[in-house]
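Participant: Here it is: the structure, laid out below.
The values are calculated or read from the model by the stated rules, or taken from the named source; none is laboratory data. This one's a predicted model, so the numbers in the text were calculated from it and none came from an experiment. For neighbour counting, all protein chains shown are included, and Cβ atoms are generated from backbone atoms with ideal geometry for every residue, glycine included.
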Amino acid sequence: MLTVTQLTKVYNKQAAVHDISFDLAGGEVVGLLGPNGAGKSTTMKCIVGLIRKTAGEITIGGHDHLSVEAKRLFSYIPETPYVYDLLTIWEHMQFIAQAYGVKDWKPKALELLELYELDDKQKKLGRDLSKGMRQKVSICCALLPDPQLLFFDEPMIGLDPKAIKNTKNLFKNLKEQGKTILVSTHLIEGIESIADRILIMKDGQIIGNDTIANLRLQAETGSGLSLEDLFLELTKDE
Amino acid sequence: MNEFRLLLKKDFLIFVNNLLLIFRNPLRLIPYGIAVGYFVFMYSKGIAGSEQVTSQVNMDAAGEVDVTQQNIIGGLTLVALIFFIFQLYRATKNNITFFKMADVNLLFPAPVKPENILIYYMARSILPALGGSLFFLVYSGGQLANEFSVDFVGAMFLLLGFTLYFFLIFPLRFLIYTLHTRFGILEQLRVGVLVLGVLLSSLILIPGFMAPVFWEGMFAWITSPWFNLFPVVGWSRGMMSYFLEGNWILSSTYLLLYGITYYAVVKLVIQYSGHYYEDVLEATQNNEDRLEKAKGTKEVTEDAYSLNAKKQLALPEFGLGAKALYWRNYVQSSRQDLHPLIGLYTSGMAVLGIVLAGLGHFDWFSHQVLYFYLLFLIFFYFMAGIGRANIGDLKKPWFILIPASWSSKLWNMIKLDLLQTLIFGLLLIVPSVLIGDYNFWLILLFPLGLIFAYVIGLGVNLIPQVGLDEGWDRILIKPLMIGGIVVFGIVPTLFFSGLLFGVTGKFVFGLGAAVLGLGFLAAILTHVTLDILKRLEFKEL
């Protein structure tokens, strides 16, 4: 579904992402972990086309990631949930439905708003929403086109405990539906239970890429490390 | 997928929601009502008096060079040129954006064509320029209604002249940045803009030096008709010349030039911008931050315009308690400018004053130019004082937490500003007085005026901010409070100052009265500020 080959992104002569390659098969849920400044967000922004790649190749569903065909296949939930100040929640849904060409979108939109307890706030303007609510709108907007591939950039930040639980459940549901998901996060325990594979980044490079079972095995057979301990071990400074 | 239809629909919904917001809170209409009332009044007054004015035109002066008119047109052209060149130069530093962060998050990843989005937003950016120009036209029309008669075609050319001038700057800036990201020719573009700036400066300096009196000749070239051919600035002036000359063919030709240029710019931008999302990301984020700061939902940072941000410092401590605030400001200022006490920008302003004094000494400029400059600087420091209340220590929790008296905290918070102001004032006024043979009392009065204006500005903003709670209190009482300070403090001061200047004809007396009045006002406001400061509370942003 997603293939990243030798991706490099250089800012001011410094490589934020350096020659990384990985792929995501259809229906796979992959967690992208790493300390601050590891290059997770840059990688994700390169993939969704918000920033240019300096080198490398990215394809989504066999199409170049910048093509309109590729964009029909994925949704992106950004780290900071900006919404239009003067559009209501419902109008955001309407806007996304048009942008992605979603037919008969209203029942789906209602269902999503209900799930995220936004159904009674449909007429609220974007500017009147708290950060957590904007995050929920952002997630609803991403799910409305029913994409095959979802990119979540730190999706839990700003959400209340109930919304976090809902999002975890949502990941499970999406996984059951065969969706492919790449989640960048700091919250290891949030991803541990649902991710099939973990990519660990540090200093712009991938230093760990394995199934969660193998990592767990490695953790248990090693010195009894948990996934969190293993993550800290892998990303610690020399 | 029709991107234009999608975006039009989105903007229509935003427009409708904006209207609904206004109707939900009709008090927002009050300023508009006052503006409409004002325009109606000025127009009706203007129409009544328009007939008498036409007969007062001095026909004897026809054929002579009207220096006053030349200087007015030249001055306006110069301002437009400076703004234009500055905008082009800024394009070599950072990009502009037509987008919001919501577009970045929701629209950019969507299956839409980037070039169509860009075309739509670029065309839409004419709306603010058009709105601003329309407001300006209606405003100046109200002012000038009894001086000139403006017909519909004249009004349209005026409107288009202003609108297209402001409008075209943004696509041009976008193009410059695009060419830079595409071909990496930043240095060449920057040098090009600088060379253009030097050439245009020569167009003012050379005729000025050639004329018997500098200020009578300096605008001779840029006010001549051939300068109308200069892109953007000249075209707008040429288009608006319908107002004076009534030649619609000429004005339409300039309009056509604008049309062709816009078409070419859009074509070039689309051809070279490619996948431009990254180019606008930073500017969009910055705009969003600025908007949030203006709304008060985000703290105003102090790192803007930092010249020396990465400077390594090893300053000793200045003392305990509130002195830490002074130390912090000192460190901050060391990173913000080349020297914590004497900055680059302020040195530039001081040099400008000294140059004006020198030119006045050689009769190239009237002495009054320096006087105006000094008054402008006093106003500038008043505004700086207003701005100081919004940033820095007051918004940080440790201003409240530091175990020291409030007066000591306030003093240490503004101590560096006052020192900088004093040094700047002396740097400017001492050489100016010596070079230009001005009154020696200015050496005392001008720095004091700057300091008092700064303290008043600080108090004017700080008192309502701390003393009044959020909500209607603040919205309704703040203007009343500021109005009171202006009406009962600043206006009488300016009145007596102007009166003294009018009677004696000496600037130093006028400034003396102003400084005395401002000093009283500053003392009262400082007292109130100290009294109210203990009510300061930290607002979680």
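Participant: Inspect segment A:78-85 for any residue being touching a Phe, Trp or Tyr at 6+ places or on another chain (Cβ under 7 Å), closer than 30 Å to residue B:19 by Cβ, assigned by TED's automatic domain parsing to the domain that holds residue A:128 and not in a strand (DSSP E or B) and give the result as yes or no.
Facilitator: Keep residues of segment A:78-85 that are touching a Phe, Trp or Tyr at 6+ places or on another chain (Cβ under 7 Å), which gives none.
The answer is no; no qualifying residue exists.
Participant: So, one more: Residue B:316 versus (1) surrounded by 14 or more Cβ atoms within 10 Å (Cβ to Cβ); (2) at pLDDT below 80; (3) out of contact with any Lys or Arg (no Cβ under 7 Å at 6 or more places or on another chain): which is the lone unmet condition?
Facilitator: Exception for residue B:316: condition (1).
Participant: Further question on the same structure: Can you tell me which residues in segment B:198-224 are assigned to a loop (DSSP other than H, G, I, E, B), within 27 Å of the chain's Cα centre (by Cα) and under 18 Å from residue B:369 (Cβ atoms)?
Facilitator: Of everything in segment B:198-224, those that are assigned to a loop (DSSP other than H, G, I, E, B), within 27 Å of the chain's Cα centre (by Cα) and under 18 Å from residue B:369 (Cβ atoms) turn out to be B:218, B:219.
Participant: Of the residues B:28, B:5, only one is at pLDDT 80 or above and exposed (fewer than 12 other Cβ atoms within 10 Å of the Cβ); which?
Facilitator: Working: B:28 fails: at pLDDT 80 or above.
One residue alone meets the criteria, B:5.
Participant: Please state which of the following conditions residue A:130 fails to meet, knowing it meets all the rest: (1) surrounded by fewer than 19 Cβ atoms within 10 Å (Cβ to Cβ); (2) touching a residue at least 24 places away in the same chain (Cβ under 8 Å); (3) hydroxyl-bearing (Ser, Thr, Tyr).
Facilitator: It fails just one condition, (2).
Participant: Another question, if that's okay. When you check residue A:47 against the structure, is it at pLDDT 90 or above, out of contact with any Ser or Thr (no Cβ under 9 Å at 6 or more places or on another chain) and within 11 Å of chain B (Cβ to nearest Cβ), yes or no?
Facilitator: On the way: at pLDDT 90 or above: yes; out of contact with any Ser or Thr (no Cβ under 9 Å at 6 or more places or on another chain): yes; within 11 Å of chain B (Cβ to nearest Cβ): yes.
The answer is yes for residue A:47.
Participant: Which residues, counting only those in segment A:92-119, are within 14 Å of chain B (Cβ to nearest Cβ) and either among the polar types (S, T, N, Q) or more than 22 Å from residue B:107 (Cβ to Cβ) (or both)?
Facilitator: Those that are within 14 Å of chain B (Cβ to nearest Cβ) and either among the polar types (S, T, N, Q) or more than 22 Å from residue B:107 (Cβ to Cβ) (or both): A:94, A:98.
Participant: Of all residues in segment B:79-106, count the ones that are out of contact with any Leu (no Cβ under 7 Å at 6 or more places or on another chain), in contact (Cβ under 8 Å) with a residue 60 or more places away in the chain, under 19 Å from residue A:52 (Cβ atoms) and within 11 Å of another protein chain (Cβ to nearest Cβ).
Facilitator: Within segment B:79-106, residues that are out of contact with any Leu (no Cβ under 7 Å at 6 or more places or on another chain), in contact (Cβ under 8 Å) with a residue 60 or more places away in the chain, under 19 Å from residue A:52 (Cβ atoms) and within 11 Å of another protein chain (Cβ to nearest Cβ) number 3.
Participant: A further question follows. Going by the conditions given, is residue A:152 surrounded by 22 or more Cβ atoms within 10 Å (Cβ to Cβ) and within 11 Å of chain B (Cβ to nearest Cβ)?
Facilitator: On the way: surrounded by 22 or more Cβ atoms within 10 Å (Cβ to Cβ): yes; within 11 Å of chain B (Cβ to nearest Cβ): no.
Judged against the criteria, residue A:152 is not a match.
Participant: Return yes when residue A:19 is acidic (Asp, Glu), farther than 24 Å from residue A:174 by Cα, away from every other protein chain (no Cβ under 11 Å) and part of a strand (DSSP E or B) and no when it is not. Steps first, answer last, please.
Facilitator: Values: acidic (Asp, Glu): yes; farther than 24 Å from residue A:174 by Cα: yes; away from every other protein chain (no Cβ under 11 Å): yes; part of a strand (DSSP E or B): yes.
Spelling it out, residue A:19 is indeed acidic (Asp, Glu), farther than 24 Å from residue A:174 by Cα, away from every other protein chain (no Cβ under 11 Å) and part of a strand (DSSP E or B).
Participant: A further question follows. Out of B:189, B:194, B:205, B:229, which single residue is under 27 Å from residue B:250 (Cα atoms) and of a type outside the set (Phe, Trp, Tyr)?
Facilitator: Numbers: B:189 fails: under 27 Å from residue B:250 (Cα atoms); B:194 fails: under 27 Å from residue B:250 (Cα atoms); B:205 fails: under 27 Å from residue B:250 (Cα atoms).
Within the list B:189, B:194, B:205, B:229, the selection yields B:229.
Participant: Something else about it: Is it the case that some residue within segment B:211-228 is among the acidic types (Asp, Glu), closer than 26 Å to residue B:91 by Cα and surrounded by 15 or more Cβ atoms within 10 Å (Cβ to Cβ)?
Facilitator: Here is the first cut: in segment B:211-228, the residues among the acidic types (Asp, Glu) are B:216.
Now restrict to residues that are closer than 26 Å to residue B:91 by Cα: none.
No; the residues of segment B:211-228 include none that is among the acidic types (Asp, Glu), closer than 26 Å to residue B:91 by Cα and surrounded by 15 or more Cβ atoms within 10 Å (Cβ to Cβ).
Participant: Output the number of the condition that residue A:37 fails; it satisfies all remaining conditions of (1) out of contact with any strand residue (DSSP E or B) (no Cβ under 8 Å at 6 or more places or on another chain); (2) in a helix (DSSP H, G or I); (3) closer than 24 Å to residue A:2 by Cβ.
Facilitator: (2)
Participant: So for segment A:112-119 (the condition being at pLDDT below 90, more than 15 Å from the chain's Cα centre (by Cα) and outside any loop (DSSP other than H, G, I, E, B)), does at least one residue qualify?
Facilitator: Yes, the conditions are met somewhere in segment A:112-119.
Participant: Could you say whether any residue in segment B:415-426 is acidic (Asp, Glu), in a helix (DSSP H, G or I) and either in contact with a Ser or Thr (Cβ under 7 Å, 6 or more places away or on another chain) or surrounded by fewer than 22 Cβ atoms within 10 Å (Cβ to Cβ) (or both)?
Facilitator: Kept after step one, since they are acidic (Asp, Glu), are these residues of segment B:415-426: B:417.
Going one step further and asking which of them are in a helix (DSSP H, G or I), we end up with B:417.
Keeping just the survivors that are either in contact with a Ser or Thr (Cβ under 7 Å, 6 or more places away or on another chain) or surrounded by fewer than 22 Cβ atoms within 10 Å (Cβ to Cβ) (or both) gives B:417.
Yes; the residues of segment B:415-426 include at least one that is acidic (Asp, Glu), in a helix (DSSP H, G or I) and either in contact with a Ser or Thr (Cβ under 7 Å, 6 or more places away or on another chain) or surrounded by fewer than 22 Cβ atoms within 10 Å (Cβ to Cβ) (or both).
Participant: Looking at segment A:161-191, which of its residues are more than 20 Å from residue A:135 (Cα to Cα) and in contact (Cβ under 8 Å) with a residue 60 or more places away in the chain?
Facilitator: Scanning segment A:161-191 gives A:175, A:178, A:179, A:180.
Participant: Something else now. If the Cβ limit is 9 Å and pairs must be 6+ apart or interchain, which residue in segment B:133-160 that is in the same structural domain as residue B:37 (by TED's automatic domain parsing) pairs with which residue that is modelled with pLDDT of 75 or more and not in a loop (DSSP other than H, G, I, E, B)?
Facilitator: none
Participant: Find the residue count for segment B:263-280, including only residues that are more than 18 Å from residue B:125 (Cβ to Cβ) and in a helix (DSSP H, G or I). First the steps, then the outcome.
Facilitator: So the first thing to find is which residues in segment B:263-280 are more than 18 Å from residue B:125 (Cβ to Cβ), and the list is B:271-272, B:274-275, B:278.
Still in the running and in a helix (DSSP H, G or I): B:271-272, B:278.
Total meeting the criteria: 3.
Participant: To continue, here is another question. Looking only at segment A:79-90, decide whether some residue is within 12 Å of chain B (Cβ to nearest Cβ), surrounded by 16 or more Cβ atoms within 10 Å (Cβ to Cβ) and acidic (Asp, Glu).
Facilitator: The answer is yes; a qualifying residue exists.
Participant: Which residues, taken from segment B:254-277, are surrounded by fewer than 18 Cβ atoms within 10 Å (Cβ to Cβ) and modelled with pLDDT under 80?
Facilitator: Those that are surrounded by fewer than 18 Cβ atoms within 10 Å (Cβ to Cβ) and modelled with pLDDT under 80: B:274, B:275.
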